[in-house]
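One structure below.
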Amino acid sequence: MTTAALPTKDRLIQAAAKLFRTHGYHGVGLNDLLTEAAAPKGSLYHHFPNGKPDLAIAAATWASDQMLRLIAASFAEAKTFEDGATTLCFKLAKLFDLTGQQDGCPIGSTLFEDPGKAEFLEHAERCYSGWIDEVQDNARRFGLSETDAKRRAEHVFLLIEGGWQLARVRRNSDILRSLPDLFKTPPAAPKKAN
């Protein structure tokens, strides 16, 4: 199904996800969204009564769902946790190359530009937690304890988020491909204060 064949609401969501990822939330106007989505003027408020903030939440949800699918596909046929994490890094590197090497994180670019919006930060927390939970579920599937699975999942998340930013700055997707070397040494458990 082509983008033009999608219903107006879906076109608006996907257009917002793309534009927010490339230009940030504040860098995109309503006319930009309508033009990119090839949507009539009244359609934005028809589908998103609170306008751009509602659309931002919907776009972040859509982008997060795409990431969840990517994580699931990366671990689907993996023989070990490290294999799944490596596949994920390589898939993200390919995505990085396809998007022109300048796109930001779809959640961060959309929801972090307005720190006064508690609903944005709460939604970002839900999206990121969903990604971590998906990786953690796979870690448990490979026999890691609950504690180790959580620690490894958060480690993967932190490396990927940081790796994406460094790859953007250096315009080099090989940074994402090199992340699996860092998975081989899982982070130590935090030490308890005396």
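The values are calculated or read from the model by the stated rules, or taken from the named source; none is laboratory data. Just so it is clear, the structure is predicted and the values come from calculations on it, not from any experiment. Cβ atoms come from the backbone with ideal geometry, glycine included; neighbour counts cover every protein chain shown. Keep in mind that these areas ignore ligands, DNA and RNA; they rest on the heavy atoms of the full protein, side chains included. Shrake-Rupley method; radii C 1.70, N 1.55, O 1.52, S 1.80 Å.
Numbers for the structure displayed
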| item | result |
| --- | --- |
| Radius of gyration and Dmax over the Cα atoms of segment 72-112, both given in Å | 12.5, 36 |
| Sulfur and carbon atoms: percent of accessible area, the chain [1.4 Å] | 55 percent |
| Among 50, 172, 138, residue whose mean-square fluctuation peaks in a GNM of the chain (springs only between Cα atoms under 10 Å) | 50 |
| Overall form of segment 1-54 per C-alpha gyration tensor (a/c, 1.5; a/b vs b/c) | oblate |
| Probe 1.4 Å, protein heavy atoms only - accessible area per residue of the chain in square angstrom | 54 Å² |
| nm² value of the averaged projected area, convex hull over the Cα atoms of segment 30-95 | 5.7 nm² |
| Viscosity 0.890 mPa s, temperature 25 °C, Stokes-Einstein D of the chain from Kirkwood C-alpha radius, µm²/s | 138 µm²/s |
| Under 18 Å from the Cα of residue 79 - lysines, other chains or at least 8 residues apart | 91, 184 |
| Counted charge near residue 16, where neighbours are those whose Cβ lies closer than 12 Å (Asp, Glu -1; Lys, Arg +1) | +1 |
| Hits among lysines - C-alpha to C-alpha of residue 192 under 19 Å, sequence gap 8 or more where chains match | 150 |
| Reach of residue 117 by Cα under 24 Å, taken over lysines that are not fewer than 8 positions away in the same chain | 9, 18, 52 |
| Computed over the chain: relative contact order in percent, which uses C-alpha pairs under 8 Å that are six or more apart | 23 percent |
